[in-house]
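Encoded as structure tokens, the structure appears first; notes follow it.
The values are calculated or read from the model by the stated rules, or taken from the named source; none is laboratory data. Since this is a predicted model, take the numbers as computed values, not measurements. As a convention, Cβ positions derive from the backbone with ideal geometry for all residues, glycine included, and neighbour counts pool all protein chains shown. Remember, those area values only see protein heavy atoms, side chains included, never the ligands or the DNA or RNA. Shrake-Rupley method; radii C 1.70, N 1.55, O 1.52, S 1.80 Å.
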Amino acid sequence: MKRFFRLLGWTLVIVVILAAGAVVIAWVLDFRQTDQELMAEFRRQSVRPTVHRYQVSLSDSAPTRTIRFMETPARSRSGERLPVVLFVHGAPSSLSFFNGFFKDTALLDRAQLVAVDRPGYGYSDFGRVETSIIRQAQFLQPLIDRYRNAPQLIIVGSSYGGSVSARLAMNNPGRVDHVVFVSSALGPGLERTYPISYLVDSPLLHWGIPPLLRLANDEKLAHYQALRAILPDWDRIRAKITMLHGQRDELVYPTNVSFAQQHLVNAPVKQFLLPESRHDIVMNKREYIASILLDILTNVQGKPDVKALVQR
């Protein structure tokens, strides 16, 4: 019995040390890169992204938000306007999560790639949380407007970024042509919330948690209501849909795929369920995602000329 309690004691000590170490590391690592670090990472490429920012406010009395994004050139070497692929990350993360795609020469030849720091992450007012999916999409709307003349607009949403991507598609049925949901949290309650999330949210611990983890936790605890708020608007999505999800995903459940299929009543849906994958598809299946994007881009057709149709 003494041996059991001794073992239990050492186990608790190790758990506490690991937890404390994780918090310390999270204070040091914020999963973001400065503009200069991004440019250094891509400096050897012939096609390099540039970093931009814009200011946005939802009303005259509302505070202004800063949103950072990076984009590759809009035109191909032959001068043709390229389709746009916009990447929206999950939590905790930043636009750097998609750096591997910005090094893929096949994609760079076929599309203008764009990645954005969601509000509160990266260098989009880091630490300033916004838990509403509706407002997050409003803050990203200037990007949709920026690429309104692109031949096609494809949005890739990973995890929580999928929720925001869904709202962007709801708000822009005539502009968003395709949405790729990767391990996306779409249905209210169809994701795991660990008990420690509620503990971290307590006033005693909340402000001692590193900003990046606090952001992600605040979003997590508000996600059920945020998803319920957009529930009536799924029929507004007209874009083509591709879904990638790991069947062993224990963080965002695969049942999100069936939820989406039930609610996307006005959108064609194609699904890819990966039997051995968890919540790690972007990291471990990047080439697979790139091949799907290339297939989508191969079948891209230009948007119809609305004025010409009216004149007929």
Requested in this report: Identify all residues within the range 114-134 that are closer than 16 Å to residue 69 by Cα, among the hydrophobic types (A, V, I, L, M, F, W, C) and outside any strand (DSSP E or B); write none if there are none.
Outcome: 126
Query - Some residue of the range 243-250 being assigned to a helix (DSSP H, G or I) and either modelled with pLDDT of 95 or more or open to solvent by 60 Å² or more (accessible area, probe 1.4 Å) (or both) - result: no
Report summary line: (1) part of a helix (DSSP H, G or I); (2) closer than 30 Å to residue 229 by Cβ; (3) open to solvent by 10 Å² or more (accessible area, probe 1.4 Å); (4) small (Gly, Ala, Ser) all hold for residue 137 apart from (3)
Query raised in the report: Hey, among the residues in the range 288-312 that are assigned to a helix (DSSP H, G or I) and surrounded by fewer than 10 Cβ atoms within 10 Å (Cβ to Cβ), which one's modelled with the highest pLDDT?
Result: 298
Report task. Please enumerate the residues belonging to the range 185-225 that are closer than 18 Å to residue 130 by Cα and among the small types (Gly, Ala, Ser). Result -> 185, 197, 216, 222
Query raised in the report: Would it be correct to say that residue 127 is at pLDDT 95 or above, farther than 20 Å from residue 152 by Cβ and open to solvent by less than 50 Å² (accessible area, probe 1.4 Å)?
Result: no
Requested in this report: Please indicate, with yes or no, whether at least one residue in the range 195-206 is over 15 Å from residue 92 (Cβ atoms), open to solvent by less than 60 Å² (accessible area, probe 1.4 Å), out of contact with any Pro (no Cβ under 7 Å at 6 or more places or on another chain) and not β-branched (Val, Ile, Thr).
Outcome: yes
Report summary line: Result of the Cβ filter at 8 Å on the range 158-171, keeping first residues that are more than 20 Å from residue 293 (Cβ to Cβ) and hydrophobic (A, V, I, L, M, F, W, C) and partners that are part of a helix (DSSP H, G or I) and open to solvent by 10 Å² or more (accessible area, probe 1.4 Å), at least 6 apart or interchain, is 170/233; 170/236
**Report entry** Filtered residues of the range 38-53 (kept if buried (at least 16 other Cβ atoms within 10 Å of the Cβ) and touching a strand residue (DSSP E or B) at 6+ places or on another chain (Cβ under 7 Å))
**Finding:** 38, 49, 51
**Report entry** Tabulated pairs, the range 200-219, first more than 21 Å from residue 125 (Cβ to Cβ) and without any contact (Cβ under 8 Å) to a residue 40 or more places away in the chain, second in a helix (DSSP H, G or I) and of a type in the set (Lys, Arg), C-beta under 8 angstrom, 6+ apart or interchain
**Finding:** 200/214
Query raised in the report: So which pairs qualify, if the first residue must be in the range 276-287 and more than 14 Å from residue 180 (Cα to Cα), the second must be among the charged types (D, E, K, R), the Cβ gap must be under 6 Å, and the two must be at least 6 apart or on different chains?
Result: 278/248; 278/249; 279/249
Requested in this report: Output the helices (runs of 4 or more DSSP H) that fall wholly within the range 160-236 and possess 1 or more residues being within 17 Å of the chain's Cα centre (by Cα), or say none.
Outcome: 160-171, 211-229
**Report entry** Residues of the range 54-95 classified as under 24 Å from the mean Cα position of the chain (by Cα) and either closer than 21 Å to residue 147 by Cα or surrounded by 21 or more Cβ atoms within 10 Å (Cβ to Cβ) (or both), total
**Finding:** 29
Query raised in the report: Scanning for something out of contact with any Leu (no Cβ under 6 Å at 6 or more places or on another chain) and surrounded by fewer than 24 Cβ atoms within 10 Å (Cβ to Cβ), does the range 109-117 turn up at least one residue?
Result: yes
Query raised in the report: What tally of residues in the range 159-174 results from selecting those that are more than 11 Å from residue 237 (Cβ to Cβ) and either touching a Lys or Arg at 6+ places or on another chain (Cβ under 6 Å) or open to solvent by less than 10 Å² (accessible area, probe 1.4 Å) (or both)?
Result: 4
